[in-house]
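What follows is a short report on a single structure.
What follows draws every value from the coordinates through simple rules; no lab data is involved. Note that the coordinates shown come from a computational prediction; the quantities given were computed from them, not determined experimentally. With ideal geometry, Cβ positions are generated from the backbone for all residues, glycine too; neighbour counts draw on all protein chains shown.
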Amino acid sequence: MPGHWERDLIKGKNNASAVGTLVERTSGYLILVKMNDATATSAVKGFSAALNGMPLKLRKSMTYDQGKEMAKHAEITQRTGVAIYFCDPHSPWQRGSNENINGLIRQYLPKGTDLTVHSQEQLDAIAYELNIRPRQRFEYRCPIEVISDVMAQEYNDTTSVQ
């Protein structure tokens, strides 16, 4: 069922910078979010804006780990309508889509680098590159194709005459 997201933070050099990652589970569609820092306030601002940029039918839930940057998770729910769930401690496999994509993201944003030098436009370009990359799990279709099909189906379901 589309609309369920996994979320994480990729941290930069000395944990002083961060980029937020959102992966839609059905399609593998990725959104990267520029963060001022790894605080709960930045998480609310960044993830709320990213989720609100998606159609309402693609905003059902978000699963996250136990990071302290989610201390204001209720505020994200209030701003977006997205239910937030937390994984069990030390259980990264409960967000497998996100853990997998984080490895791909590190090809563009290596560990130990300063992530503040990347603009939102640069992060959007990285996400686009990964969203047009064919995936075996989708029979070599890419995430942008899969989510486009999902959104077209949702549109057709709401506009069809019963």
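Determine ³J(HN,Hα), in whole Hz, for all residues of the range 77-82 in sequence, where each value follows from phi through the Karplus function 6.51 cos²θ - 1.76 cosθ + 1.60 and θ = phi - 60°; x replaces Gly and Pro.
Listing the rounded values in order: 4, 4, 6, 10, x, 8 Hz.
Can you bin the range 4-159 into rounded, prolate or oblate? Criterion: square roots of the alpha carbon gyration tensor eigenvalues sorted a ≥ b ≥ c, rounded for a/c under 1.5, prolate for a/b above b/c, oblate for the rest.
Oblate shape, in that a/c is at least 1.5 and b/c is the bigger or equal ratio.
Would you please give the FRET efficiency between residue 153 and residue 13, computed as 1/(1 + (r/R0)^6) with r the Cβ-Cβ distance and R0 = 45 Å, to the nearest 0.05?
The pair residue 153/residue 13 has a calculated efficiency of 0.60.
According to a simple spin-label model (label point 7 Å from Cα along Cα-to-Cβ), what is the distance in nm between residue 111 and residue 79?
3.0
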